[in-house]
Amino acid sequence: MPLIVDAHADIAYNMLKYGRDYTRTLEETRNIEKNSLTPKENGDSLISWHEYQHGQVALIFATLFAAPIRFRAYENEKQVYKNFDEAHKLYKNQLDVYHRMTDSMPDKFRIIASKPDLNLLLDLWQNPTSQHPVGMVILMEGGEAIRNLSELEEWHNLGVRLIGPAWVGTRYCGGWKEPGPLTKDGRKLLSAMADFNFTLDLSHMDERAAIEALDIYEGPIVGTHANCASLMPNANTNRHFTDRIIEGIIEHDGVIGVVPFNSYLKVGWMRDKGHSRDEVPLQTVVNHIDHVCQIAGNSLHVGIGSDFDGGFGLQSVPSEIESIADLQKLVSLLSARNYSEVDIENILGNNWITRLKRDLP
Ligand SMILES: [Zn+2]
């Protein structure tokens, strides 16, 4: 079984917002939440430490994420911010969660912030035991927790290695649902990020902002979780990557993580409109993987960014997926499309690992 790297997981957000404990089994979590609002809001969980072990998910990009208050889903929602100070506080709390996980259970989770951290983790996964720590590379999604650029050094010292300046539109750039260019602050942010070699995550950035960022950013560039716009015609969203963005990421030797979320795989698919998960086979995910490979002419620029539990769960993923471990089912589907063993290892995890080996301090 190849190692999987999942380039997008809102772990701390789920722990703080829904009280999820990822050391529980999925069965336990689903049972505990059965009569709560959580499955309605966020779907049944697809992630647990045990499933990471079953599926050989060695490494995840663990996010810091909160929404601006204008996008809160309901009145008393807590992981939302009114201003940059509040954003800073929420993101800092989530980062503390990851540090506490690493400190209190290093046999289960550990922050990966350097090449030696990564090499040690990969060595551990070579051991033929059934239990390995899951590595967490810290990704900041939405940049408004960065109140001023002098704070970048502290975020870096605390382990943040990737920054996506947008979720919806931010003061740095246009984003999902709120299109627009890179702002003056956004250009300054990119210039300061490059000083620390932060990886820039183009996911959620509006195309105008992303194209300009591809032109000017001097550090590494990836897209942790986005699908191909050209396979989602008339989707009426700026959330997917156009071929122009995909080409730009490939030119920068980056990687794109595809998202196995039905609404991002089939135009018009919506859980709350009664659509069934059977309408979207896992094969559709392979179409998006293959599209990036066809543009690149190789298998070196695509990976997985599941975003599981990030606003959707079991009810909204292809029917072959009961948990994150089932992403291993991509192996046979890719193989049936003549992808080699090496290609498949690249796609499931090695492409991300190669970039981390290159980009981590
Ligand atoms: Zn996202």
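The values are calculated or read from the model by the stated rules, or taken from the named source; none is laboratory data. No experiment lies behind these values; they were computed from the predicted model shown. Counting neighbours? That spans all protein chains shown, and the Cβs are built from the backbone with ideal geometry, glycine included. Just the protein is used for accessible areas: all its heavy atoms, side chains included, with ligands, DNA and RNA removed. Shrake-Rupley method; radii C 1.70, N 1.55, O 1.52, S 1.80 Å.
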- Task: Take the alpha carbon atoms of segment 60-83, find their center, do the same for segment 208-267, and report the distance between the two centers in whole angstrom.
- Result: 23
- Query: Got a number for carbon plus sulfur as a percent of the chain's accessible area, 1.4 Å probe?
  - Reply: 49
- Query: Using the Cβ atoms and a cut-off under 13 Å, what net charge is assigned to the surroundings of Q315, where Lys and Arg are +1 and Asp and Glu are -1?
  - Reply: -3
- In segment 1-41, what trypsin sites (Lys or Arg not before Pro) fall in a loop by DSSP, with at most 15 other Cβ atoms inside 10 Å? K34
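With a cut-off of at most 13 other beta carbons within 10 Å, and DSSP calling the residue loop, which trypsin sites (Lys or Arg not before Pro) in segment 144-197 qualify? Please list them.
Hits after loop and neighbour filter: R147.
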- Given a cut-off of under 8 Å on Cα pairs at least six residues apart, what relative contact order in percent is computed for segment 100-236? 17
- Given the options L202, L59, L282, which has the most mean-square fluctuation in a GNM of the chain, springs set between C-alpha atoms less than 10 angstrom apart? L282
- Tell me, which longest segment in the chain has none of the GluC sites (Glu not before Pro) that fall in DSSP loops with at most 12 further Cβ atoms within 10 Å? 219-361
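Rolling a 1.4 Å sphere over the protein heavy atoms, what is the accessible area per residue of the chain, to the nearest Å²?
That works out to 40 Å² per residue.
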- Message: Tell me the relative contact order for the chain as a rounded percent, counting alpha carbon contacts under 8 Å between residues six or more apart.
- Response: 21
- Query: Using only helices, what value at 222 nm comes out for the chain when you add -39,500 (n - 2.57) per DSSP H run of length 4 or more and divide by the total residues, to the nearest 500 deg cm²/dmol?
  - Reply: -10500 deg cm²/dmol
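Which shape class applies to segment 179-227: rounded if a/c is under 1.5, otherwise prolate when a/b exceeds b/c and oblate if not, where a ≥ b ≥ c are the square roots of the Cα gyration tensor eigenvalues? Could the numbers behind the result be given before it?
Working: a/c = 2.10, a/b = 1.16, b/c = 1.81.
Cα axes put segment 179-227 in the oblate bin.
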